[in-house]
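**Student:** Quick one: the structure is below, questions incoming.
The values are calculated or read from the model by the stated rules, or taken from the named source; none is laboratory data. Quick caveat, the model's predicted, so the values are computed rather than measured. Because the Cβ atoms are built from the backbone with ideal geometry, glycine has one as well, and the counts that use them run over all protein chains shown. All accessible areas refer to the heavy atoms of the entire protein, side chains included, with ligands and DNA or RNA removed. Shrake-Rupley method; radii C 1.70, N 1.55, O 1.52, S 1.80 Å.
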Amino acid sequence: MNKYMAEFVGTFWLVLGGCGSAVLAAGYPELGIGFVGVALAFGLTVLTMAFAIGHISGCHLNPAVSIGLWVGGRFETKDLVPYIISQVLGGIAAGGILYLIASGQAGFDLAGGFASNGFGEHSPGGYTMTAALITEVVMTAMFLIVIMGVTDSRAPAGFAPIAIGLCLTLIHLISIPVTNTSVNPARSTAVAVYVGDWATSQLWLFWVAPIVGAIIGALIYKVMAKES
């Protein structure tokens with residue numbers, strides 16, 4: 001249960017910190033933190049939690065990561081479903097707290113998107129479903145390659161949280177204009193359930209694409225890192 005609690009708390013922090021920065025601070029009147037600030041916020045949530053709970057649960061905070069690590073032989077089957085449930089519930093709890101905070105401002109409206117992921121008319125840059133699908137698959141695949149690489153027993157010890165946090169920051173810097181960046185089904189679900197409507201109808205892509213990408217990334221790393 002300690003591991004599952006850690007995943008709940010860690011994913012709560014990721015959604016509250018990452019999505020919270022997007023909803024509350026990204027465009028704040030004229031001196032908002034913008035895309036760069038949101039990207040950095042997501043990276044910092046993972047970096048801080050990796051140091052805080054990495055020794056308890058491994059700090060996955062993401063169903064796609066858990067599935068990818070399972071495919072890569074780094075994660076036990078018995079923990080897979082409980083991890084995913086814990087991550088999704090932690091994210092939804094954070095989404096609820098964020099809603100309570102954001103709705104305290106006059107004029108707040110969920111129609112603004114509430115940091116939901118989307119494509120087509122709901123993509124920040126108007127990118128198509130195909131572009132969104134490719135982006136989420138490739139970005140998540142690269143995320144898994146980095147995660148598996150820096151946590152390999154042959155990698156320099158102690159630097160994994162920094163590399164993983166910076167990788168997530170880079171992913172956001174690239175893909176926020178395309179999908180608002182998911183690479184994490186729990187993060188997408190956490191806010192989509194409050195928006196409903198288009199956010200939940202497009203949510204399938206932000207489960208399928210990250211999971212497919214994570215599996216691809218894990219398989220690539222297994223082949224690439226195999227000792228001859």
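**Student:** So which residues in the range 61-75 are under 22 Å from residue 223 (Cβ atoms) and assigned to a loop (DSSP other than H, G, I, E, B), if there are any at all? Steps first, answer last, please.
**Tutor:** The first filter runs over the range 61-75 and keeps only residues under 22 Å from residue 223 (Cβ atoms), leaving 64-75.
Those that are under 22 Å from residue 223 (Cβ atoms) and assigned to a loop (DSSP other than H, G, I, E, B): 72, 73, 74, 75.
**Student:** In the range 146-168, which residues are among the hydrophobic types (A, V, I, L, M, F, W, C) and either open to solvent by 30 Å² or more (accessible area, probe 1.4 Å) or under 16 Å from residue 41 (Cβ atoms) (or both)? Lay out the reasoning, then the answer.
**Tutor:** So in the range 146-168, the residues among the hydrophobic types (A, V, I, L, M, F, W, C) come out as 146-148, 150, 155, 157, 159-160, 162-164, 166-168.
If the condition is that a residue be among the hydrophobic types (A, V, I, L, M, F, W, C) and either open to solvent by 30 Å² or more (accessible area, probe 1.4 Å) or under 16 Å from residue 41 (Cβ atoms) (or both), then 146, 150, 157, 159, 162, 163, 164, 166, 167, 168 are the ones that fit.
Okay, residues lined up against (1) under 25 Å from residue 114 (Cα atoms); (2) surrounded by fewer than 24 Cβ atoms within 10 Å (Cβ to Cβ):
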site: 13; (1), (2): yes, yes
site: 38; (1), (2): yes, no
site: 42; (1), (2): yes, no
site: 81; (1), (2): no, yes
site: 90; (1), (2): yes, no
site: 94; (1), (2): yes, no
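**Student:** Contact list please: Cβ distance under 8 Å, first residue in the range 8-22 and part of a helix (DSSP H, G or I), second residue among the charged types (D, E, K, R), pairs at least six apart or on different chains.
**Tutor:** These pairs meet every condition: 11/187; 14/187; 15/187; 18/187; 19/187.
**Student:** Only residues that are open to solvent by 30 Å² or more (accessible area, probe 1.4 Å) and either in contact with a strand residue (DSSP E or B) (Cβ under 8 Å, 6 or more places away or on another chain) or assigned to a helix (DSSP H, G or I) (or both): list them for the range 183-213, please. Before you say what the answer is, go through the steps one by one.
**Tutor:** Going through the range 183-213, the residues open to solvent by 30 Å² or more (accessible area, probe 1.4 Å) turn out to be 193-194, 197-198, 200-201, 204, 207-208, 211-212.
Result: 193, 194, 197, 198, 200, 201, 207, 208, 211, 212.
**Student:** What are the residue pairs meeting all of these: first residue in the range 197-212, first residue free of Cβ contacts under 8 Å to residues at least 60 places away in the same chain, second residue open to solvent by 40 Å² or more (accessible area, probe 1.4 Å), Cβ atoms under 7 Å, and 6 or more apart or on different chains?
**Tutor:** Pairs that qualify, where the first residue is free of Cβ contacts under 8 Å to residues at least 60 places away in the same chain and the partner is open to solvent by 40 Å² or more (accessible area, probe 1.4 Å), are 200/193.
**Student:** Name the residue that is farthest from residue 97 (Cα to Cα), counting only residues in the range 23-59 that are hydrophobic (A, V, I, L, M, F, W, C) and part of a loop (DSSP other than H, G, I, E, B).
**Tutor:** If we filter the range 23-59 for residues that are hydrophobic (A, V, I, L, M, F, W, C), which is where we start, we get 23-26, 31, 33, 35-36, 38-42, 44, 46-47, 49-53, 56, 59.
Checking which are part of a loop (DSSP other than H, G, I, E, B) leaves us with 26, 31, 33, 59.
On the way: 26: 18, 31: 24, 33: 21, 59: 21 Å.
Here the answer is 31.
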